[in-house]
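Data first, discussion second: the structure below is written as structure tokens.
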Amino acid sequence: MTTRLGLLSTLGGLSGCLGLQIDFAGDYSTYSVSHAGSILFKAERGIAVFVDGAWQSQSAGSLKLQAHKAVSGSDPALGAYKGTELSWTAGASTPFVTTAKTYASGLDVAFEYAFPSGAKATSLVEHLNKTRDEVIANFPAFTTAALPDALSWSGSFVQSDDKRTTGPAGGPTVFFDKGDASLATVVVGSALDNFKASSAGPGTTWDGAEAWVPGTAGTIEALDAGFKHTFVLHAARRGGITAAVAEWGELLQRAHKAYKLTDVTLTNIGYQTDNGAMYVFCRGNCSKTLLDELAELKAAGVPMGYLSFQGAGASSVDAAPALAPPASISGGGGGGGGGGDPPHAAPWCVNTWGPDLDGNGAYPMPLKQFQQALGVPLQLYAPYFCPGSEYFSRNNASSPWTSVVSDTTLDGCGSYGFQDVEPAQSRQFYDWFFAKGQDVGMVSFEPDFMNQNYNCVPEFVRSATAANTWQQGMAGAALAKNLTVQWCYATPTDVLASLDMPAVTNFRVSFDFCYGGSYKIGTSSLLVWALGAFPSKDTLWTTDNNRTAVPGCPWTADHEAVAAPLHVVLALMSMGPVGISDALGLTDAELIKRTIAADGTLLKPSKSVTSVDSAIAGAEGKPDGSVYGTYSGSGTDAVDAHQFVSFQLKSEFGVLASDFYPPLGASASALVHREFGNGKGCANGTDASACVAQTTAAATPVVTLPKSDFSNTTGGTDFAPAVTTVWPVCAASGWALLGELTKYVPLSPQRFSGIDCSAAGVTATVTGTVGEVVPVTLLQPSGSTAAATVLVVDVTLPASGVQKISFP
């Protein structure tokens, strides 16, 4: 017998049928999630929880059902729900409550469990010697899924995987069927709260059956009274992977009232000294070198908005810099005791921070004086603190700050000896620490190795709250001072946790430029963007810098000059920082000018560039190479232009309508497109056919992207990007606004706003700096609804920097 929970006959849902909902067996021994009348997920092993040092389960009789009742209510983000609450006794006397919720949206269900009196002896690592991938509770625990394929994220730099990820470094999972070319049914599952206490699970149930089992991390030793953990499944309203992840992200943003501070590292171009930058290991008078560098760039019309200062001028380290990619941290054997000085100082650890140094080595100018001479604010860096740092009382009896210490015996932590401030003091410590930074012109802060900062600290992995308290202290101190934070080497749970941290604005989604491959951001960016933060591609060169060797950085083909535009385009379209790092005299200023307004404001799209759905799904017809997509516009229903970036394509790729996000609307039936050419071929008064090609939303394919040049792969020719823009033609008048064709994002919302087309023509507002001349290209109709003639108008911006334009 099956008991139906929350019949949704009045709730709508997809395809006019019943939406996403939860069903229980009559004895609650099994449950399932169905959609439109079909079962998508089924749990066949019952509910189980690990307390008192052992698994307590329905089947063994150690998890006893005490009461059940129907419940209803409303959650702020997900709306009205109906469901069932089950009250259990786990083991001898631990109260345990599970609640299944089916929401009126028809798109969402949630699984929630709570420990009203807390729980003891909950660590499977401690009591069963299990791996760190385990979870404390099995609810949900789906042993079968009708959607066989997956996309998930895990580990450092929020890297993606085409299978379900596991463990505390794992993240949300997207379920789909690559055999369905339209991707009509896509479901995203994740934690909804307590992110730093969550795990993607071991991939098996408590008794060993293969399953998707996210839950509370099995490293946690005890749970406080009232601890509650919730997991949500969201079905895409429109279908498609990008749309599903976007909708799910909006849901979580609503649930956490998420927003982000304005961040100069995101609004303006900057100069960086990160690993792989030309001056990361600067020698000589580096204060003068960087002053000269920024002055040279300004004179070339590329004014820097900030300096990301991560070298010796920002910190004094106990250990030599890492000259090879740090090992990725994965789940694995637990164990290991803390205490005592870690034997190996972690890479890049800070002993004495830059603001506490009065000139040092290669940077003879004191930092405050240096920043004032630069005339731009600083982003400063401190990944963690060295074992001998005098900031903490274990090394300095007069210090008010107590530290937690990494345990190098933990899996993957052998090279990571460091200290962090203890969670209870985090807010006060960072108030003090950031005051030092602000005094020398810091506006942004970058901690690094966030994976290790969690994974290697026993107090963090054994507590449900300690890591979050530490992170909230840092983020809260930054918010109070209007500083922003980039987290580098972060995991998906860090990105999720930042939903409650407005100051944490962006996350690295690529490996270091130093080692090559930093263009691989297509799916890692998808998660960060969906959660309202900004993906960060690492620093870049605009030329090959005479193939100069940087210590520890092997030469790779994507460092060749022909590949430089790819790094520039992807950094810009990621919507994260665009941080260049060329040597003096070796910046291609004209290349950089394609990304900025005259004052250095980045001209970005409206969405972070991400892999198109056909590439993610891996179905037949996927691109044989990389194809990323983005758009410009005021919203998903008001798109001014779609853009695609392709590279390493071994053959032409036909972009289908299903690869466009947002979906092509009915008003976009007539389209024009062109590959970026710096405006060439679009001369004023010429025939439109020399400027653009025509297509329609119904065409198959809508547009074809060119094959890449594989004539010299060691010379990087296959990395030369093709940037293809697709514009709608105004159905009412036949006009089309192409925008500023000398820029990679010709209709950037930072430049154009309020774009509107009507039977009368096209209007828009252009924004920039006083006196800036913006060449605006349009297509004007000539006796029919088809755009036929190119019109180029130079718009000179007035004192306000804002000019409304109208055509004809």
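The values are calculated or read from the model by the stated rules, or taken from the named source; none is laboratory data. These numbers were taken from a predicted model, which means no experiment stands behind them. Don't worry about glycine lacking a Cβ; one is built from the backbone with ideal geometry, like all the others, and counts go over all protein chains shown.
Data table
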read-out: Only listed residue being buried (at least 22 other Cβ atoms within 10 Å of the Cβ), assigned to a loop (DSSP other than H, G, I, E, B) and not charged (D, E, K, R), chosen from 166, 216; value: 166
read-out: Residue 182 modelled with pLDDT under 95 and of a type in the set (Ser, Thr, Tyr); value: yes
read-out: Which listed residue is buried (at least 23 other Cβ atoms within 10 Å of the Cβ), closer than 22 Å to residue 467 by Cα and not hydrophobic (A, V, I, L, M, F, W, C), from 400, 387; value: 387
read-out: Enumerated strands (runs of 3 or more DSSP E) restricted to the range 613-669, each holding at least 1 residues that are in contact with a Gly (Cβ under 6 Å, 6 or more places away or on another chain); value: 626-635, 638-647
read-out: Positions within the range 352-387 being farther than 26 Å from residue 488 by Cα and in contact with a helix residue (DSSP H, G or I) (Cβ under 7 Å, 6 or more places away or on another chain), in sequence order; value: 364, 365, 373
read-out: Residues of the range 29-44 classified as closer than 30 Å to residue 219 by Cα and at pLDDT below 95, total; value: 1
read-out: Among (1) assigned to a strand (DSSP E or B); (2) farther than 14 Å from residue 164 by Cα, the one test that residue 190 misses; value: (2)
read-out: Strands (runs of 3 or more DSSP E) wholly inside the range 20-131 containing at least 2 residues that are touching a residue at least 40 places away in the same chain (Cβ under 8 Å) and closer than 22 Å to residue 194 by Cα; value: 48-51, 79-90, 94-103, 108-115
read-out: Residue within the range 610-629 that is closer than 21 Å to residue 736 by Cα and surrounded by fewer than 22 Cβ atoms within 10 Å (Cβ to Cβ) present; value: no
read-out: From 439, 420, 411, residue being touching a strand residue (DSSP E or B) at 6+ places or on another chain (Cβ under 9 Å) and of a type in the set (Asp, Glu); value: 420
read-out: Verdict on residue 601 being in contact with a helix residue (DSSP H, G or I) (Cβ under 7 Å, 6 or more places away or on another chain), crowded, with 21+ Cβ neighbours inside 10 Å and not assigned by TED's automatic domain parsing to the domain that holds residue 501; value: no
read-out: Residue list for the range 279-294, restricted to those being closer than 13 Å to residue 370 by Cα and of a type outside the set (D, E, K, R); value: 285, 286, 287, 289, 290, 291, 294
read-out: Criterion violated by residue 204 - all others in (1) touching a residue at least 24 places away in the same chain (Cβ under 8 Å); (2) out of contact with any Gly (no Cβ under 6 Å at 6 or more places or on another chain) satisfied; value: (1)
read-out: All positions within the range 364-386 that are touching a strand residue (DSSP E or B) at 6+ places or on another chain (Cβ under 9 Å), farther than 17 Å from residue 445 by Cα and not in a loop (DSSP other than H, G, I, E, B); value: 370, 374
read-out: Subset of the range 483-539 [touching a Cys at 6+ places or on another chain (Cβ under 9 Å) and either among the charged types (D, E, K, R) or surrounded by 24 or more Cβ atoms within 10 Å (Cβ to Cβ) (or both)]; value: 507, 508, 512, 513, 514, 536, 538, 539
read-out: Count of the range 415-472 residues which are farther than 25 Å from residue 136 by Cβ and either among the basic types (Lys, Arg) or outside the structural domain of residue 378 (by TED's automatic domain parsing) (or both); value: 2
read-out: Within the range 761-798, tally of residues that are more than 22 Å from residue 692 (Cβ to Cβ) and in contact with a strand residue (DSSP E or B) (Cβ under 8 Å, 6 or more places away or on another chain); value: 8
read-out: Test for residue 756: is it free of Cβ contacts under 8 Å to residues at least 12 places away in the same chain and over 30 Å from residue 561 (Cα atoms); value: yes
read-out: Residues located in the range 158-199, provided they are more than 23 Å from residue 449 (Cα to Cα) and among the hydroxyl-bearing types (Ser, Thr, Tyr); value: 173, 182, 185, 190
read-out: Set 549, 533, 475: member being of a type in the set (Gly, Ala, Ser), assigned by TED's automatic domain parsing to the domain that holds residue 562 and closer than 19 Å to residue 421 by Cα; value: 475
read-out: Criterion (surrounded by 17 or more Cβ atoms within 10 Å (Cβ to Cβ), of a type in the set (Gly, Ala, Ser) and more than 28 Å from residue 252 (Cβ to Cβ)) met by exactly one of 91, 83, 61, 106; value: 91
read-out: Verdict on residue 396 being in contact with a Pro (Cβ under 9 Å, 6 or more places away or on another chain) and at pLDDT 95 or above; value: no
read-out: Criterion (on the phi > 0 side of the Ramachandran plot and either in a strand (DSSP E or B) or assigned by TED's automatic domain parsing to the domain that holds residue 557 (or both)) met by exactly one of 734, 754, 771; value: 754
read-out: Odd one out for residue 432 among (1) more than 27 Å from the chain's Cα centre (by Cα); (2) under 25 Å from residue 275 (Cα atoms); value: (2)
read-out: Some residue of the range 133-146 being under 19 Å from the mean Cα position of the chain (by Cα) and crowded, with 23+ Cβ neighbours inside 10 Å; value: no
read-out: Selection within the range 471-482 - surrounded by 24 or more Cβ atoms within 10 Å (Cβ to Cβ) and among the polar types (S, T, N, Q); value: 471
read-out: Selected residue (only one of 699, 736, 731 is more than 27 Å from the chain's Cα centre (by Cα), closer than 30 Å to residue 759 by Cβ and crowded, with 17+ Cβ neighbours inside 10 Å); value: 736
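This table checks each residue for (1) outside any helix (DSSP H, G or I); (2) in contact (Cβ under 8 Å) with a residue 60 or more places away in the chain.
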| residue | (1), (2) |
| --- | --- |
| 558 | no, yes |
| 565 | no, yes |
| 573 | no, yes |
| 577 | yes, yes |
| 585 | yes, yes |
| 590 | no, no |
| 598 | yes, yes |
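Yes or no, residue by residue, for (1) within 30 Å of residue 129 (Cβ to Cβ); (2) surrounded by fewer than 22 Cβ atoms within 10 Å (Cβ to Cβ); (3) more than 16 Å from the chain's Cα centre (by Cα):
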residue: 177; (1), (2), (3): no, yes, yes
residue: 223; (1), (2), (3): yes, no, yes
residue: 241; (1), (2), (3): no, no, no
residue: 250; (1), (2), (3): no, yes, no
residue: 267; (1), (2), (3): no, yes, yes
